[in-house]
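Encoded as structure tokens, the structure appears first; notes follow it.
A short reminder: the numbers here are calculations on the coordinates, not readings from a lab. All values derive from a computational prediction rather than experimental measurement. Glycine also receives a Cβ, built like all others from the backbone with ideal geometry; neighbour counts cover every protein chain displayed.
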Ligand code: FAD
């Protein structure tokens, strides 16, 4: 009889270019996939309906991939620390394989699963798959410490050799009917819909779920927009970024495959300019890795500000201002356009994420953690390390050495949405106004009133001064 192996999927909902899965396959072809809808995560109050929808769509595709290979993806709902050892024990499996994650909760959960398996004399094997370089591979030359600043991290990171795409799985052996009945008795479920889980999302998703769509998107991007990425990535009215973030979040595409696509794009051109554009996109991949390394080594980042002076910062935390920001009704057109894009699509352009984060923290003087949570409640790509990193960067509370970074919404709009195209799309009630009004935000009160658009809820200059004064006080 062939020994059964379980591969526990978490944020690697694919069968290709998957290190842990490929290692498991080398051990036995009687391999079954398992996904547990983790009740500890589903019960949190920062879950975005768009994200749940995308994840479930990806799981549906993953089930089909397993069927095609001749095996099954088993779905359970509950506490992985109880479910994984119970199923492994009942199926008498040899070993449970999975890929590691950097989040504090995942690290603790995995430790408990490992221990529970050990108690039942079941082996577990874990791998680093979601990063080109695992935490600990990129350390400072001087002290072997984790980097706290991005630029030197990037310089070290880019020099290191990147792994090749992992070999594909060809054929798997299925569980017997008797084994299937065993897992049914343990609570095997059909894949629920988002509605079954209490989330409703009817708008189109940024990216179609599943490996095929993610690969197509990667190919499309690396054949086209990657060559002009550096020049256009900051223009929210233009479709110039990869829109692969949900695929990265759930591991729908292998990171080695992504890297390979950038290398091929680089080789396909002789233009130095085009190559610079490609390298700028590679730098974004490195930002993702940088924030994951930071969270792995400094898990306290998830709990609050990294810099001491921000631990007691006297935030205003005005609830009405926060509500206006959430709804895109601040009277600052670029901020409102971005928040409405988020609310309506579950995604926001990166430039706009920086603008609204600066506005919340520096203009409304509201604790960045409120914004961090709101983003998690809405984003299809909501990811602890990238989101926390982005918010701490914008709030100036993180590891970034620059003391204060304050964005002026008007200058940002003038520079990055010069024709007001993005603003017109998302704030239609003011779309007929002059571009100058839209980008400067200086809309005559009567005109704003007749469009049903609010007056600015705060004055940027005054708030900027106020923020700086408070910052000076806490620093001293
Ligand atoms: P592209 O421009 O095509 O970039 C490719 C990939 O690189 C992205 O998909 C992403 O995985 C990674 N990446 C790019 N920029 C960053 C960055 N600054 N930090 C980390 N990774 C990056 N990204 C998330 O994936 N999840 C989040 O929850 C998230 N929250 C953010 C919050 C704030 C306040 C800010 C300023 C940024 C946040 N980002 C987050 C980073 C960035 O905005 C998104 O990754 C990007 O907009 C996704 O679009 P894209 O896939 O088209 O990106």
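I need the shape label for the stretch 48-149. Rule: rounded when a/c is under 1.5, else prolate if a/b > b/c, else oblate, with a, b, c from the alpha carbon gyration tensor.
Working: a/c = 2.04, a/b = 1.38, b/c = 1.48.
Since a/c reaches 1.5 but b/c is at least a/b, the shape of the stretch 48-149 is classed as oblate.
Computed over the Cα atoms, what is the radius of gyration of the chain divided by 2.2 N^0.38 Å, N being its residue count?
On the way: Rg = 23.8 Å, N = 476, 2.2 N^0.38 = 22.9 Å.
Here the Cα radius of gyration is 1.04 times the empirical estimate.
Multiplying the residue separation of residue 436 and residue 43 by 0.36 nm and subtracting their alpha-carbon distance yields 136.9 nm.
The packing ranking, built from the mean of other Cβ atoms within 10 Å per residue, places the peptides 382-395, 203-216 in the order 382-395, 203-216, highest first.
Rounded, prolate or oblate: which fits the stretch 160-201, taking a ≥ b ≥ c as square roots of the Cα gyration tensor eigenvalues, rounded meaning a/c under 1.5, else prolate when a/b beats b/c? Walk me through the intermediate numbers first.
On the way: a/c = 3.57, a/b = 1.30, b/c = 2.74.
Oblate is the answer for the stretch 160-201, as a/c is 1.5 or above yet b/c matches or exceeds a/b.
Note on residue 419 and residue 195: their simple-model spin labels are 4.1 nm apart, each label 7 Å out from Cα toward Cβ.
The simple Förster model, with R0 at 45 Å and r as the Cβ-Cβ distance, assigns residue 203 and residue 3 a FRET efficiency of 0.50.
Helix 49-69 axis versus longest C-alpha principal axis of the chain: approximately 30°, rounded to the nearest ten. A Förster radius of 51 Å, combined with the Cβ-Cβ distance separating residue 455 from residue 280, puts the computed FRET efficiency at roughly 0.85. Model label sites at residue 318 and residue 141, defined 7 Å from Cα along the beta-carbon direction, differ in position by 5.1 nm.
How much length would be gained if the chain were fully extended between residue 167 and residue 475, taking 0.36 nm per residue of separation minus their Cα-Cα distance, in nm to one decimal?
Values: separation 308, 0.36 × 308 = 110.88 nm, distance 5.34 nm.
Working it through step by step, the gained length comes to 105.5 nm.
Taking the stretch 55-90 and a reference point 7 angstrom along Cα→Cβ of residue 119, the backbone N atoms nearer than 19 Å belong to 78-90.
Cβ-Cβ distance of residue 264 and residue 468, R₀ of 45 Å, FRET efficiency by 1/(1 + (r/R0)^6): the value works out to about 0.45.
In whole angstrom, note down how far apart the Cα centers of the stretch 15-42 and the stretch 358-391 are. What the calculation gives is 31 Å, centre to centre. Between 0 and 90 degrees, the angle of helix 104-119 with respect to the longest Cα principal axis of the chain falls at about 10 degrees.
Among rounded, prolate and oblate, which fits the stretch 105-178 when a ≥ b ≥ c are the square roots of the eigenvalues of its C-alpha gyration tensor, a/c under 1.5 means rounded, and a/b larger than b/c means prolate? Oblate, since a/c reaches 1.5 and b/c is not below a/b. Helices in the chain, meaning DSSP H runs of at least 4 residues, each add -39500 (n - 2.57). Divided by all residues, the mean residue ellipticity at 222 nm is -15000 deg cm²/dmol. Principal-axis analysis of the Cα atoms of the chain puts helix 272-297 at an angle of about 70° to the longest axis.
Each Cα pair under 8 Å and six or more residues apart adds its separation to the average, and for the chain the resulting relative contact order is 18 percent.
Roughly speaking, what % of Cα-Cα pairs in the stretch 1-95 are separated by over 20 Å, rounded to a whole number?
On the way: 1714 of 4465 pairs.
When all Cα pairs of the stretch 1-95 are counted, 38 percent exceed 20 Å.
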